[in-house]
Every structure is written in C-alpha cells, then in structure tokens.
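One structure below.
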Amino acid sequence: MRFEPLLEVKDLTVHFRSEEGLVEAVRGVSFNVGRNEILGLVGESGSGKSQTLLAIMGLIDSPNAVLSGSIRFEGQELMGLPRRALDRIRGKKIGMIFQDPMTSLTPVHTIGAQIVETLRAHEQIGRKAAKDRAVELIDAVGIPAPRSVADRYPHQLSGGMRQRAVIAMAMSCNPALLLADEPTTALDVTVQAQILDLIGKLREDFGSSVILVTHDLGVVAETADKVNVMYAGRIVEEGPKEAVFLQPRHPYSWGLFGSIPPFDGPRPARLSAIPGAPPKLSALPKGCSFRPRCPHAHDACLQEPPLAGPVGHRSACVLPDAAIEELAPRQEGAA
Amino acid sequence: MIYALAARLGQMALVMFGISVVVFLIFFATPGSDPSARIAGRNASQETLQQVRHDFGLDRPLPVQYALMMKKLFVTRDLTSFVNRGQKVIPTVTRAIPITLSLVIGAALLWLIGGLIVGLIAGATKGSWLDRTLMMISLAGVSMPVFWLGEVANLITQSRFHDSWAFSWVPALGYVPFGRDPLGWFQALVIPWIVLATLYVGLYGRVLRASLIETMQEDFIRMARAKGIGERQVLLRHGLRTSLVAFVTMFGLDFGALVGGGALLTEVVFGLQGVGKLTYDALQTLDLPMIMATVIYASFFVVMANFVVDVVHMFLDPRVRDAF
Amino acid sequence: MSSVEETDAPAASRQGQAKATESPWATAFRKLRRDRAAIVALAVLVAIVVVCLMAPLYARHVAMTDPFVTNLNGTVMIAGEERPVLEPSTTGLGLGLTPIGPTWEFGPFMLGADNQGRDVAARMLYGGRNSLFIAFASTLLCLVLATLVGTTAGFFGGISDTILSRILDVLWAFPIFLLAISLSIVLLNQTLTIGPWRITSGSLALPIFIIGIVYVPYVARPIRGHVQTLMGAEFVTAAVGLGASPWRILIKDILPNVVPRIVVFVPLILALSMIIESALSFLSIGVQPPGASWGTIIQDGQGLLYSRPAVALVPGIAIAVTVLALNILGDGVRDALDPKSAMRIG
C-alpha cells in the first residue's frame, strides 16, 4: 500500500465577491493531515482558518464564494463533489464541531434525536438500536445520566454539556477525521480543559485525526502534533509543534508567541503585542501581507515569499536563516 | 406547568373582563346621547324607552347596569332585539356560528397549505426568479381589499363568465347547510374560501419565507449539513420545523380574529348569513342589542383562540414549554 | 524602510473608517436609493397623491360637474349626441335606470356615472384625497400613541407597564371590525365633545380616530419589547452609571434607537389603514355621504356590479395599487433600516 496522508489540501483558495471588491479569505493553502494526527491551525480571526475548515467540509454555500484548488480525502477529490456523494462522506468519515454549542444544535429536537438522525443517515440501523447507540455515545463523551439527557432539548443543557453532545454527534459514525472549529472558545476555562482532554482521548479511542482550529495558543500547545500558523489567508509557518513553539521562524509567529506570557520563568516586563491590525482581506498589501506590521520589513518583502526552510519546518519569510537565528526571541519552556 | 396554565387562564379571564367592560362603556357610557334611545333603535316610542330604561337598569349606577347586561348575555340569555320585535338575540347568534365556521375553516385549510407551499418554495429558492415572482404575487394578494376581490369573483363567476363551462356550476349566492347537501355546501363555499384565503396565502407565504431564510442562516443548519443528511431533510426537519413556531402562532391569532368578526366582509359580499353578516345587518338597522351580543361573543372567541395558541406554542417549542 | 510604509493598506483602512462612521440614516438612504422596486413604488405613490390633489381642477375643467350633488336628470354630449346620464335599463327586466358607462375619453364621465348620476372619475379623485388623508392622519395618530404607550411601558416598567400591557391585551383581542362598528354606531349620528374638541357626525375625524386606535397594540408591543432590550444594553447601563437622569437617557439613548423601528412601521401602517378605511367606508361606517372615499365608491358600485362594473372595479384597483406600492416601499425601508439584512459573508 502506497503511503498516503488522510487529507491532502493543495492550493486551496476561497474568495468572496462583495460590495467592497474581492475578499480573499484563503489564498493558496496547502497542507497534509496524517492518520491519527492532530493538526493545529492557528491565527487571528480573519486569517482564513475557519474558512479552510468549511471548505474541506463543503459548507461554503454563499453564491458569492469562489473556490479553487484540491482537497483529497482518502485519495478522493472532495472539491466539486456533488451533494449526494459529499453527504456520504460528511458526518460519516469527517465529523465537525463548531465554535458555539449554544447555537449549533437544532432547538426543537432532542439531543438523542439529533444523534439518531446522523446514525440513520449513514448506517443501516433500526430506530431502537440507533437510540441505544446514541445513549452509548452520550455516555462516551462523559455526560452523566446519558439516557435521560438523550431525551432532553438543547436549551436544557449547559454549554459544556452541549459541546459534549455535539462531539458525540460528530463522532457517532467513527469518522476518520474530526474538524474542530474553535471548540472551546465559547466555554468556561475549566470546561475548556475537559473538552480538550476529551478530544485527545477520542483520538486514542477512535483512532481519528483532528484538525483543531483555534486562536488560543495554549489549546494548541496542549493537544496538537503539528502546527500551521495562518495570516491573512496564507500559511506563514508550518512544522512540528515543538519546533514552531520553541524556534518560531516567521516574524508574525514571534509576535504571536511573544504575546502570551511564558509558562514558567520570570514574567517579561512587558508582553509584546503586534503593532497595527490585520489587513483588510479585500485590500491586501502587495507582497508579504504581514509587511505593514513587520519590524523587519524591507524592499525584498514586496515579493510574495514562498514557504521555505528546513525539512518539516518551513516559513514564508524572505529573511535568511542566519538572520532568523539572530532575530528570533528565545522561547523558554513553552510547549 | 399546571401552574403556568392556570396563570394563563387567569390572565385570559382578566382580558375577557376587560373586553366586556370596554364594550359596556362604549354602549352605555359614551357621552352625548341617551343609551336607552340607542338600544331601542330608531323612532322608538316613549313606552319602549321606558321599558328599556327599566330592563337595563339605566337609572341605576354603572356597576349595576354592567351586571344586568352580563346577566342578559350569559345567564338568562334573553337579550331581545327591539328592531326585530321580540327576536331573541343569543339563539340567532348561535345559529349563525356554523356558517362562519364553515367559511373560516375551509379558507384556513386552503391558506395553510398554500402559505406553506409558497413560503417553502420561495424560501428554498431565495433570490431566484421563482422566489421573486411568488413574492410579487403574494404582495399583490395582500394588497387587495378582500370585499373588492369578492366582488370581482362574483362579477366573473356569477355574471360575465357564469355561462361558460368554467363557472356554470357556481350556485347563486348564499349558504347551503352541510347536513342538507354536502356537495351544495362545498359549491356554495368554494369561491368565498378562495377569496378569503388569497390574502392569507400571501401573508403566510411571506412570513414563512422570511422566517425560513433567517433560520437557514443559523449555526445549527450548518451543523445539520455537516452531518451529511440530505438538503431536503435539512430544509424540512431543521429549517421548516424551527420556523413553524411563528407560523402556527400567527395562524391561531388570525383564525380567532376571522371567526370573531374578521370574516364579516366576505360574508357580506357573498351573502352568507354568518355572525359577521348578522352584525352588518344589525348595523344597517342600528340594532344595538344584536351588535352587543356579536361583539362580546366574537371577542371571547378571539381570547380563547389566543389561549389555544399559547398552549400549542408550548408543545411546538420546548424552550417556551420550560419558560412557563 | 520608509518606502515600505507608504502602502495602500492604510489608505484602505481609512476608507473603511469613513464608511464605518457614516450615520445609520445615511446608510439606509444609500441602500434605499439602490432598491429599484422601492423607488418605483415611491414614484407611484407620489404620482397618486399629486393626481388626487388635483381633484377640484379635474372636476371643474375636465368633468365639468360637481361630483357631490345628485344629477338624476342631467344629459351629456358624447360623440356629438346628447344622452341622459341615467338611461333606461336595457338589461334584466328593463326596469329602472342604468347610469351612463365609461366613455374612456379624457372628459366628462370618463369612468361613467354612479346611480346618482355623479361623475365617477371626479369622485375617484376626491375619494382618493379622503382615503389618503385618513390613512396619513390615522397612521400618525397610531404611531404617536404607540410610541407613547410602548416607550412608557418599556422605560418605566413596574405598575405602568402592567396596566398599559393589559390595556393593549384587551385592545389586541378585540376584533378590529367589531371595535370599529361598536365605536361608529355610537358615535356616527351624534356630535361628540371631548374636552375642547367637537367631532360632528360625518367628520373624517371619526374614521381617523377609529383606525388610529385599532393598530396601536400592533406597533406598541414591539416598541415596548425593543425599549426593554435597550434598557438592558450596556450603553444605557453606562449612562446610568455616569449619573445621567432618566429623561436624558430616554431622549438621548432610548428614543434615537427606537425611531428606526417606528419608521419601518410607517409604510406598513399606512397600507393597513388604507385597507381598513376602505372596509369601514364599504360598511358605511367610514366616510359619510355625500363625501367619497375609494371604499364608498366600491359600495356605490356594488348595486351596479353586473351592469356597470367599472364603478366598483376602478376604486378597488386604485386601492390595490396604492397598498401594493406602500408594501413594496415598506419592504425596501425595512431592508434598508434592518441591520439583519446586511450582506453576510460566508
């Protein structure tokens, strides 16, 4: 058997036509996800990370959206797949969790009914058996009294419980890939940790791969194997978690990691913040899109830099390796 | 929940009381003229006026007058008309109710089905030419006065095209009791049904479309799509089912309002002797006791319809159920 | 370095800010101007109002009759032939008189005569004037009352909210036509004196009053809810925290946010008022003879429906076109003022 990543995204672009011109949400993003691997997709809001996930799931349905590139899942091209064929994959082989558990469950159906619906859409299973499976799943994600919760409505559960229910729904058909779009952002801190533990545990129990989209570096540090840093619709740095956290190569990553306090050691006198704001996606600057905010910008930055660098840890910056070595702030103890 | 229902019932009683007081005040306490003259009708004799004054306790304080009127309406049910001498008002109203119900129920079925179809198609094809066409037609339907549309229908089916094959089956205006001739009942009512429903198909189609479009932008719709269930199921089980709450609420209110007098214009134009026509005729002859009776009965029906709507709402929307 | 900083990005963000600081009203107007259907509807409405305002000119110079006096024995020259306005009936049993039909020429009896021999076209214009005036006045009354009641209930809460809400409940449960009938049967044939105002029978004030009242709950309830939501908003909490007086909060913070909601209601209540006015006049409890409104002309035409259908059809078409235009304009105004309708990406 030829080695093949589970998911292979190549040159994915997502553009929206809008009143203010073309909004370039995702611009030529390529990455792979291997089996049983957790990939963290990090960036500020508007960096295109959520749109990347939605594109993989075929959920961008705006008539103003223009998509191109390739998304291969288990060797099958998803881009341009007709709805019927797509529906045989989503929910079954790819599960998805959304940011806000308060709004991602249909308010008029019980939790159990919504899980049963997914099961019966993809498997030959009777109503009764599906209900039992739903209760098992609700139990598996750590919700107490699963049988009674199955008959509850979404509004009767707390945010954390709802997110667990959403995860149970996403995992109901043992998907090979789980897409998690900011799964903890809307939750309390203590609940966040529990949900992350759960996602990590699911990988072990179900053997699924996960793409975790977040702007919270702590979340990535805790769970991911690989990290992609996105800025203005592009991947600006990619590599194993340890490498990206300990030796970030892109000036944007420096700023990003500099803006969280170190886990241990003395607190720096001042946390650095990245000056300026992310560019408008409808009016991107020429060349490197981080250029206007970058302290090291120079004329060479007027050319769009390609992803380059040592094998497995690449960044999109024109600075030579020596300069990167010299300029990069030391990160001690992160990750 | 039992407590909630009881509270709602109490509120309903309060509103009914309020309505009866308002009606009473309108008829008995409006400044300017003598209520006995109004009740007795035009050109009443001194003798009649005296009797009215005594019967309704007009020389006694207002609360007593109110109690006497309520007694006549609900306890002894012997309110009599002075225009049509000796006609007992309440039984007349009771006899008219089946006619109004026949008209409104038939039209309601039509407009529910029509509104559902129009709203669903337009909502699902939002922005297309089909959507725009349906919405324009709906808006036109909403914009026509129902009595005028009824006259146009009469002009076509009773006069201009009555001899053509299309409308030769249309009977002369009037009502045929269902028990006597079911087919005749249907034939007599089908044109009024369509006319009355036209307005509401447009209204309901527009409301459902708007509600559906809003719902289809919710996160849970994206979640449902991510589950890999077909678009039809997403639309019906998640989109429509959630939007239906507003639809049903509106239906209860409109149904109540129509039975409670809203169908008056349709009844007048099509010569159906329902409660509305009764009120209309009473208005022409200034038969005040009759109007009092129809107004009170109709308002109570509306209040009851509102109550039923609340209960149905509770069953449709689990969130409301728990809020009680 | 310095050359790098001269980029187009700051320019773009400046532009973005200029747009962000545009007032909500300016944004709404910009959106409304681009809504072609709404603009056409507005043009139609303006045209209808202008034409109706010219009623006296039309009656004097085109119809050349007084459309408010009966004209049973009049004659009219049509195609060089003198014909009676009321002709012996040619249909049915041939009994009675049938008014002259439409000539479809710009002159006397363009739309024919009613059963009193009056020029229908001239009455249409005068009737339109009344219909439009009643609709405008009752909408104004309704919105003022609804804003007063809704804001008071929402802003002060407590006992005033309870009382006002119950009153609205009662009014809401009242079938509109029955309320109107009850009020008009008592008020129609007498002079009503409320404080300094005297409303004589047959006055337009009566239908205006009735129509203005019945839709108050329809508008007041959403306003009350909106004010309540605003009261919980952070900028109001902040104003309270800064020690602003209730009146200041009401005028500076609450009302400016309520006004767009009220504006959205204007075309819709106008449309509803037009419909209700026509219905009341049709039931002969609206505009009183010899005055006219589109509703009364439909009623005049009811008896002539099969012989001279134009008398009933034309005012109905006029109502339908006006109300349709109002509804289209209403949709446009709502879309322009409702932030929910703003374009979403993704």
Notebook entry, point to check: If one takes the accessible area of chain B alone plus chain A alone and subtracts that of the pair, with a 1.4 Å probe, what total in Å², rounded to the nearest 100, results?
Noted result: 2400
Notebook entry, point to check: If each of residue B:130 and residue B:70 carries a label point 7 Å out from its Cα toward its Cβ, how far apart are those two points in nm?
Noted result: 5.6
Notebook entry, point to check: Which ³J(HN,Hα) values, rounded to whole Hz and listed in residue order, are derived for the stretch C:38-55 from phi using the Karplus coefficients 6.51, -1.76 and 1.60 in 6.51 cos²θ - 1.76 cosθ + 1.60 with θ = phi - 60°, glycine and proline given as x?
Noted result: 5, 5, 4, 4, 4, 4, 4, 4, 4, 4, 4, 4, 4, 4, 5, 5, 8, 3
Next item on the list: Please work out the FRET efficiency for the pair residue B:140 and residue A:77, using the Cβ-Cβ distance as r and a Förster radius of 56 Å; give the result to the nearest 0.05.
Entry: 0.75
Note to self: Explain nothing, just compute: Karplus ³J(HN,Hα) = 6.51 cos²θ - 1.76 cosθ + 1.60, θ = phi - 60°, for every residue of the stretch A:180-187 in order, whole Hz, x for Gly and Pro.
What the structure shows: 10, 9, 6, x, 10, 4, 8, 10
Checklist line | When the stretch B:2-76 is reduced to its Cα atoms, the Kirkwood hydrodynamic radius in Å | finding: 14.0
Item checked: Other protein chain Cβ atoms within 10 Å, averaged over every residue that makes up A:64-71 -> 1
Item checked: Ranked order, B:185, B:169 - accessible area, probe 1.4 Å, largest first -> B:169, B:185
Note to self: Just to be sure I follow the definition: excluding the sites themselves, where is the longest run in chain A that has none of the chymotrypsin sites (Phe, Trp or Tyr not before Pro) in a DSSP loop with at most 14 other Cβ atoms within 10 Å?
What the structure shows: A:4-262
Next item on the list: Between the alpha-carbon centers of the stretch B:1-56 and the stretch B:272-318, tell me the distance in whole angstrom.
Entry: 15
Note to self: Quick query: amide H of residue A:231 versus all other amide H atoms, modeled in the peptide plane; which residues come in under 5 Å with a sequence gap of 5 or more or a different chain?
What the structure shows: A:236
Next item on the list: Could you pull out every residue, at least 5 positions away or on a different chain, whose amide H is within less than 5 Å of the one on residue C:66? Hs are placed 1.01 Å off N in the peptide plane, and Pro or chain starts have none.
Entry: none
Margin query: Could you tell me the center-to-center distance, by alpha carbons, between the stretch C:216-239 and the stretch C:109-175 in angstrom?
Written below: 24
Check: Rounded to the nearest 10 Å², what accessible area does residue A:100 show when all protein chains are kept and the probe is 1.4 Å?
Finding: 50
Notebook entry, point to check: What FRET efficiency comes out for the pair residue C:247/residue B:11, r = Cβ-Cβ distance, R0 = 25 Å, nearest 0.05?
Noted result: 0.15
Margin query: I'd like the accessible area for residue C:209: 1.4 Å probe, protein heavy atoms, all chains in place, Å² to the nearest 10.
Written below: 70
Checklist line | Delta accessible area of at least 50 Å² on complex formation, residues of the stretch B:110-146, 1.4 Å probe, chain isolated as reference | finding: B:139, B:143, B:145
Item checked: Total accessible area lost when C and B pair, probe 1.4 Å, Å² to nearest 100 -> 4200
Next item on the list: Subtracting the Cα-Cα distance from 0.36 nm times the residue separation, let me have the gained length for residue A:129 to residue A:85 in nm, one decimal.
Entry: 13.3 nm
Next item on the list: Could you work out how far the C-alpha centroid of the stretch C:241-291 sits from that of the stretch A:123-147, in angstrom?
Entry: 54
Item checked: Carbon and sulfur %, accessible surface of the stretch C:232-346 computed with the full protein complex present, 1.4 Å -> 65
Next item on the list: Shielding by partners for A:97-109, please: the mean number of other protein chain Cβ atoms within 10 Å of each residue's Cβ.
Entry: 6
Checklist line | Residue-averaged [θ]222 nm for chain A, counting only DSSP H segments that reach four residues, each worth -39500 (n - 2.57) | finding: -9000 deg cm²/dmol
Check: Taking amide hydrogens as modeled 1.01 Å from N in the peptide plane, which residues meet the under 5 Å criterion relative to residue C:286, leaving out close sequence neighbours?
Finding: C:281
Check: Where Rh is the Kirkwood radius over the Cα pairs of the protein assembly as shown, the temperature 25 °C and the viscosity 0.890 mPa s, what D in µm²/s does Stokes-Einstein return?
Finding: 73
Item checked: Sites residue C:40 and residue A:70, calculated FRET efficiency, Cβ-Cβ separation with R0 41 Å, nearest 0.05 -> 0.30
Check: What is the diffusion coefficient of the stretch B:95-317 in µm²/s, taking the Kirkwood radius over Cα pairs and the Stokes-Einstein relation at 25 °C with a viscosity of 0.890 mPa s?
Finding: 128
Notebook entry, point to check: Mind checking the log10 I(q)/I(0) for chain A at q = 0.08, 0.09, 0.11, 0.13 Å⁻¹? Debye, one equal scatterer per Cα, no solvent, two decimals.
Noted result: -0.40, -0.51, -0.75, -1.02
Check: How much area per residue is accessible in chain B when the probe is 1.4 Å and only protein heavy atoms are counted (Å²)?
Finding: 43
Next item on the list: Along Cα→Cβ, 7 Å out, is where each label goes; now give me the distance between the ones at residue A:32 and residue B:88 in nm to one decimal.
Entry: 9.3
Next item on the list: With θ set to phi - 60°, apply the Karplus curve 6.51 cos²θ - 1.76 cosθ + 1.60 along the stretch A:74-85 and write out the HN-Hα couplings as whole Hz, x wherever there is a Gly or Pro.
Entry: 6, x, 9, 6, 8, 5, x, 5, x, 3, 4, 5
Next item on the list: Determine the shielding of peptide C:321-329 by partner chains: average, over its residues, the number of Cβ atoms on other chains within 10 angstrom of each Cβ.
Entry: 3
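The values are calculated or read from the model by the stated rules, or taken from the named source; none is laboratory data. Because the structure is a prediction, the values reported are computed rather than measured. Note that each Cβ is placed from the backbone with ideal geometry, even for glycine, and that neighbours are counted across all protein chains shown. Heads up: the accessible areas ignore ligands, DNA and RNA and are worked out on the full protein's heavy atoms, side chains in. Shrake-Rupley method; radii C 1.70, N 1.55, O 1.52, S 1.80 Å.
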